[in-house]
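J.: Please see the structure below; I have some questions.
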Amino acid sequence: MDGASELIETDRRFLVHPLHHPDDHRQPLVIVEGKGAMLYTADGRAFIDGLSGLWNVNVGHGREELADAAAAQMRRVAFASAYIGQTNEPAVRLAEKIVGHAYASSAAVYFTTAGAESNESAFKFARYYWKIKDKPNKTKIISRIHAYHGVTLAALSATGMAAYHRMFGPLVPGFVQVAAPYPFRWQGNQEPGIGAAEAVEKSILAEGADSVAAVIAEPVMGAGGVIVPPPSYFPALRQICDRHDVLLIADEVITGFGRTGRWFALGHWGVEPDLVSFAKGVTSGYLPLGGVIAAKNVHDAIESAPSDRRFMHAATYSGHPVCCAVGLRNVEIIEGEGLVERAALFGRRLLAGLEILRDLPAVGDVRGLGMMCGVELVADHGNKAPALGLGPRVAREALARELLVRIRPGGVDPAIGDTICLAPPLSTPAETIERLPEILRAAIIAASG
Ligand SMILES: Cc1ncc(COP(=O)(O)O)c(C=O)c1O
C-alpha cells in the first residue's frame, strides 16, 4: 500500500468528517500543499481553489508571514487568559483594527474561535442587552430560510436549511424563520427586497415585539447559494428593526474582511448593524478565530452594567494571543495589498464572465457581489425547475478540469436548483480568474450531456 492509500484507509477507520457519509470518503483529495490560489494533492495533482478553502482563505495559501507571526507569538507566550483582570497585546491591537474597519457605530470586539460560536455569542449579546434594558422577555431570534449560521444548537436553530436539522432535532425554542430576499425564486407580488423585509415585520408582530431580541441575516447568503439581496432589503429591514426595538445581527462570517469588495458588507446598502458576527477571513483560515463586533449601544450596556449583572459570557480561547497575532498580520496583508479593492474589481470581472454562461440551457441564474458568485442550475432555461443531481456532476467535471468548487445542493421542497458557489482567494491572479467561467462552461456542458 502506498502512503496515500494507507492514509485514506486510516482516515476511514478513525476520522469522522464534517457532514460525514462514508460514500464521500472513498477517494478523498489528500491536500498536502497550498500556494496562492492553488492546492496540491498527495498524488501530484493541482487545483484552483475556487472556494478559498471554505470561503475563508482570503489572502491565499502558503503565506510565510502568517506562519512567522504564529511562531513568533508562540515563542513569546502561546496562551494567556483574557478573563478577569488579564489581557494581551495581539487581542487588543486586533480588536482596535477591526473596529477601525467596521461600521461607524462599531465600538468593541469579543473574540471567539469560529463562526457558530460567534453567532451563539451574538444571540447572548442580544439577550443580555435587553435584560440590561429591563426587557428580559425579548429573547427570540428571527432568521431566514436558506440561511447558514453554523451547527451548534442555537446557531443550527437559526440556520434555515432543513437538511442540517433532520437528524438533530428538536431545535432550540424561540427561533423563527421567514422568507429570504431571493429574487430568482421570489413568489410574492411585491418587489422581493420589500416583500422579504415585510415578512420579517409580520413575524415580529406575530411573535410579539416584546418577545423578539434580534434578527440575524447574512448580508449575502453564502452556503445557501450566494443569494444577493435586492438593494431595498437591508435599508427596509433596518427600519423595521428600529420600529419594533429589535436588534440587527449581521452574520459576516463569510462577507467580512473584504470578500464582497468592502471590509464589511452592509455598507453596500448604507446600513449599520447592532452586532456583527465574524470568523473565517479574519485569519484567512490560518488559525481558528472569530468574534462579535458590538455597536456602541450594545457596548454601552456592557460597560454600564452593575457588577451583579456583568456579562457572564466566556470561552478559554477568547482573545487567544497566537490566533489574534495571525489575525493582525492577516488584516495588515489585506490592507497592504489592497485586497478589498481587488475583490471589488476582480469580483465584477468574474461576475461578468459568468454572466455569459446564461446561454446554457442548464443555467437559470448568475449572481454575485465582490468575490463571491453563484450559478444556479435548472432543468431547462425556460422553466426554473431544479435539475437535481446536476450540481455534483458539474463539480466532478470541474475537478477533472483542475477547479475545485462547492455545490449548494438544491431540493424539491423548497424547489431550488443546485448552485455552484465560487469564492476564490481575494489575491487570485487575473489570469486564473479569467479561466474560471471557461472551465465552468466546459464542466456544465459535459455534465449536462
Ligand atoms: C455565514 C456563516 N455563518 C456561520 C458559519 C459557521 O462558521 P463555523 O463553521 O466556523 O462554525 C458559516 C460557515 O460556513 C457561515 O458561512
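J.: Tell me, what does the Kirkwood hydrodynamic radius of the range 1-41 come to in angstroms if you use every pair of distinct C-alpha atoms?
T.: 11.5
J.: Hey, what's the Kirkwood Rh for the range 343-385 if you take every pair of different alpha carbons, in angstrom? The partial results should precede the final answer.
T.: On the way: mean 1/r = 0.0949 Å⁻¹.
Taking every pair of different Cα atoms in the range 343-385, averaging 1/r and inverting gives 10.5 Å.
J.: Which whole-Hz ³J(HN,Hα) couplings does the range 128-136 yield from phi under the Karplus relation 6.51 cos²θ - 1.76 cosθ + 1.60, θ = phi - 60°, glycine and proline marked x?
T.: Taking θ as phi minus 60°, the curve returns 4, 4, 6, 5, 4, 7, 6, 10, x Hz for the range 128-136.
J.: May I ask you to evaluate 6.51 cos²θ - 1.76 cosθ + 1.60, the Karplus curve with θ = phi - 60°, for each residue of the range 287-298 and list the ³J(HN,Hα) values in order in whole Hz, giving x for glycine and proline?
T.: Couplings: 8, x, 7, x, x, 10, 9, 9, 6, 4, 4, 6 Hz.
J.: While we're looking at this one, here's another question. Can you work out the FRET efficiency for the pair ASP43 and GLU65, with r the C-beta to C-beta distance and R0 = 35 Å, to the nearest 0.05?
T.: On the way: r = 30 Å, r/R0 = 0.84.
So the FRET efficiency works out to roughly 0.75.
J.: Then there's this: Estimate the FRET efficiency between LEU153 and ASP24 by the formula 1/(1 + (r/R0)^6), using the beta-carbon distance for r and 25 Å for R0, to the nearest 0.05. Walk me through the numbers on the way to the answer.
T.: Details: r = 24 Å, r/R0 = 0.97.
For LEU153 and ASP24, the calculated efficiency is 0.55.
J.: Using the Cα atoms as the points, what is the convex hull volume per residue of the range 91-158 in Å³? Please list the in-between numbers first.
T.: Details: hull volume 7.7 nm³, N = 68.
With only Cα atoms used, the range 91-158 gives 114 Å³ per residue.
J.: Roughly speaking, what is the stretch gain from ALA446 to ARG396, that is 0.36 nm per residue apart minus the C-alpha to C-alpha distance, in nm to one decimal? Write down the numbers at each step before the final one.
T.: Numbers: separation 50, 0.36 × 50 = 18.00 nm, distance 0.99 nm.
Here the segment from ALA446 to ARG396 would lengthen by 17.0 nm.
J.: For LEU388 and LEU360, compute 0.36 nm times the residue count separating them, minus their Cα-Cα distance, and round to one decimal in nm. Could you put the intermediate results ahead of the total?
T.: Numbers: separation 28, 0.36 × 28 = 10.08 nm, distance 1.65 nm.
Net length gain for the segment: 8.4 nm.
J.: Also, I was wondering about something else. Please express the shape of the chain as an equivalent ellipsoid: the semi-axes are the square roots of 5 times the eigenvalues of the C-alpha gyration tensor, given largest first in whole angstrom. Mind showing how you got there, number by number?
T.: On the way: eigenvalues 225, 163, 82 Å².
Working through the eigenvalues yields semi-axes of 34, 29, 20 Å.
J.: May I have the extent of the alpha carbons of the range 1-80 along their three principal axes, as whole Å values ordered from largest to smallest?
T.: Cα spread of the range 1-80 along its principal axes, largest to smallest: 42, 30, 27 Å.
J.: So, one more: Would you mind classifying the range 133-287 by shape? Square roots of the alpha carbon gyration tensor eigenvalues, ordered a ≥ b ≥ c; an a/c under 1.5 is rounded, otherwise it is prolate if a/b is larger than b/c and oblate if not. Don't skip to the end; give the middle numbers.
T.: Numbers: a/c = 1.28, a/b = 1.11, b/c = 1.15.
It is rounded, given that a/c, with a ≥ b ≥ c, falls under 1.5.
J.: Near the amide H of ARG406, under 5 Å away, which other amide H atoms are found, from residues 5 or more places off or on another chain, if H is placed in the peptide plane?
T.: Distant-sequence amide H within range of ARG406: CYS421.
J.: Give me the percent relative contact order of the chain, please, defined on Cα pairs under 8 angstrom at least 6 residues apart. Intermediate results must be reported in sequence, preceding the final value.
T.: Numbers: 949 pairs, mean separation 88.5, N = 449.
Over the chain, the number comes to 20 percent.
J.: How do the peptides 151-160, 310-319 rank, highest first, by the average count of neighbouring beta carbon atoms within 10 Å per residue? Could you put the intermediate results ahead of the total?
T.: Numbers: 151-160: 22.1, 310-319: 15.2.
Descending mean neighbour count gives 151-160, 310-319.
J.: If you look at just the Cα atoms of the range 293-449, how large are its Rg and its Dmax in Å?
T.: 21.3, 67
J.: Using the Karplus equation 6.51 cos²θ - 1.76 cosθ + 1.60 (θ = phi - 60°), what ³J(HN,Hα) coupling, rounded to whole Hz, does each residue of the range 210-223 give in order, writing x for Gly and Pro?
T.: Values per residue, Gly and Pro as x: 6, 10, 9, 8, 7, 10, 10, 8, 6, x, 10, 5, x, 4 Hz.
J.: Any idea how far apart ALA315 and LEU205 come out in nm if each label point goes 7 Å out from Cα toward Cβ?
T.: The two pseudo-label positions are separated by 3.8 nm.
Quick note: the coordinates plus some simple rules give every number you see, no bench work behind them. For clarity, every value in this text was computed on a predicted model and none was experimentally measured. Neighbour counts run over all protein chains shown; Cβ positions are idealised from the backbone, glycine included.
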